[in-house]
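Report on one structure; see the data block that follows.
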Amino acid sequence: MKIVVIGGTGLIGSKLVARFGEHGHEAVVASPSTGVNTLTGEGVKEVLLGADVLVDVSNSPSFADDDVLAFFRTSTENLVEAAKEAGVGHYVALSVVGTERSPQLGYFRAKVVQEALIRGSGLPYSLVHATQFFEFAEAIAGTSMVDGVVRLPDVGVQPIAAEDVAAAVGRTAVGKPLDGMLEVAGPEQLGFAEWIRTVLTARNDPREVVADSEGRYFGAELDADALLPRDGAQLGQISLADWLAQAR
C-alpha cells in the first residue's frame, strides 16, 4: 500500500512513516523539505500519483488566526483536488478534540474549515480527533504566563502521548475509511493546571502553575468539558507518569 504522509517530517508524521515502513507499506514523506508544498501546490499532484492513502498531519507555520485559517483552507483545497485526480482511496486527517465546541479559538475554527472541505470532497475519508499532546505541555506553559505565573483555565484535560496518536492514526489509515470521526485521548483525566504543573516539576522548572477561573487557553475562555473527549473515545496506553519516565 502506498501511503503519502503530508507533514511526514514532523512529530506525528515521522512516527507514522516509521510505522508504515515496519509493516511493509510504501510510506512517502511529503513536506516542503522533500519538494511538496501544499500551500503553493508544488509537487502535490506528483507525490499523490498511485497513492492508496493520503494522511495529512501537517500544521501551519503560523498560529495567528488569519494565517492558520489560510493555511488549512488552501492546503486542503489543493490536497482534495490532487487526491481526486489521483484516485486516492482514503483521505485521513488529524484534528483536535473539541474543534466544533470551541469556535472562539482561531485554530479550532481553521480545523473546522479543513474538516468541512474533506467531508464535502466526495472522497472516502477518516478524521482523527486527538486531545492535547504530552509533548506540548511546556509550550502551553510558555503561552499562559501572566505576571510570572502560569495561569490556566480551571478545566479538565485528557492529554495523550504523540506515540499513541501516531498509533491511532496509523491504524485508521490502513483500515476502511470511517467516513466520519474518531476521537483518541490519553488514559487519564487530569486538571489542566495539574497536568502542566506535573510536567514542569519533572523538568525542574520552578514556575508556579495555578488553575484560574479567569484563565484563558490561547486567549479564549473555555467551557469545563471543551477539551475532553466524548464517550466512546479510543484511549491510549501511555500514562503521563510512563511518558515522563520514558522522556528522561
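The values are calculated or read from the model by the stated rules, or taken from the named source; none is laboratory data. Quick caveat: nothing in here was measured; it's all calculated off a predicted structure. In this analysis, Cβ positions are derived from the backbone assuming ideal geometry, glycine residues included, and neighbour counts consider all displayed protein chains.
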Kindly list the number of the only condition in (1) outside any loop (DSSP other than H, G, I, E, B); (2) of a type in the set (Asp, Glu); (3) within 19 Å of the chain's Cα centre (by Cα) that fails for Glu188.
(1)
Looking at segment 28-45, can you tell me whether even one residue there is over 14 Å from the mean Cα position of the chain (by Cα), at pLDDT 95 or above, under 27 Å from Gly232 (Cβ atoms) and buried (at least 16 other Cβ atoms within 10 Å of the Cβ)?
no
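Every residue, every condition in (1) surrounded by 21 or more Cβ atoms within 10 Å (Cβ to Cβ); (2) touching a helix residue (DSSP H, G or I) at 6+ places or on another chain (Cβ under 9 Å); (3) of a type outside the set (D, E, K, R); (4) part of a helix (DSSP H, G or I), yes or no:
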{"residue": "Thr74", "(1), (2), (3), (4)": "no, no, yes, yes"}
{"residue": "Leu79", "(1), (2), (3), (4)": "yes, yes, yes, yes"}
{"residue": "Lys84", "(1), (2), (3), (4)": "no, no, no, yes"}
{"residue": "Gln104", "(1), (2), (3), (4)": "no, no, yes, no"}
{"residue": "Ala110", "(1), (2), (3), (4)": "yes, yes, yes, yes"}
{"residue": "Leu117", "(1), (2), (3), (4)": "no, yes, yes, yes"}
{"residue": "Ser126", "(1), (2), (3), (4)": "yes, yes, yes, no"}
{"residue": "His129", "(1), (2), (3), (4)": "yes, yes, yes, no"}
Restricting the search to segment 1-27, which residues are of a type in the set (A, V, I, L, M, F, W, C) and either under 19 Å from Phe72 (Cβ atoms) or buried (at least 18 other Cβ atoms within 10 Å of the Cβ) (or both)?
Ile3, Val4, Val5, Ile6, Leu11, Ile12, Leu16, Val17, Phe20, Ala27
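Evaluate the following for Leu182: is it touching a helix residue (DSSP H, G or I) at 6+ places or on another chain (Cβ under 9 Å) and in a strand (DSSP E or B)?
On the way: touching a helix residue (DSSP H, G or I) at 6+ places or on another chain (Cβ under 9 Å): yes; in a strand (DSSP E or B): yes.
Yes: the conditions hold for Leu182.
Can you tell me which of Ser126, Ser75 is in contact with a strand residue (DSSP E or B) (Cβ under 6 Å, 6 or more places away or on another chain), within 29 Å of Pro229 (Cβ to Cβ) and at pLDDT 95 or above?
On the way: Ser75 fails: in contact with a strand residue (DSSP E or B) (Cβ under 6 Å, 6 or more places away or on another chain).
Matching residue, one of Ser126, Ser75: Ser126.
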Return yes when Ser95 is in contact with a helix residue (DSSP H, G or I) (Cβ under 8 Å, 6 or more places away or on another chain), crowded, with 21+ Cβ neighbours inside 10 Å and either modelled with pLDDT of 95 or more or not in a helix (DSSP H, G or I) (or both) and no when it is not.
yes
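Looking only at residues that are closer than 15 Å to Ser144 by Cβ and part of a helix (DSSP H, G or I) in segment 199-243, which one is nearest to the chain's Cα centre (by Cα)? Don't jump to the end; show me each part of the working.
At the first step, the residues of segment 199-243 found to be closer than 15 Å to Ser144 by Cβ are 199-200, 205, 207-222, 227.
Filter once more, keeping what is part of a helix (DSSP H, G or I): 199-200.
Numbers: Val199: 20, Leu200: 22 Å.
By that ranking, first place goes to Val199.
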Tell me, please, whether a residue that is more than 21 Å from the chain's Cα centre (by Cα) and either assigned to a strand (DSSP E or B) or buried (at least 17 other Cβ atoms within 10 Å of the Cβ) (or both) can be found in segment 150-162.
yes
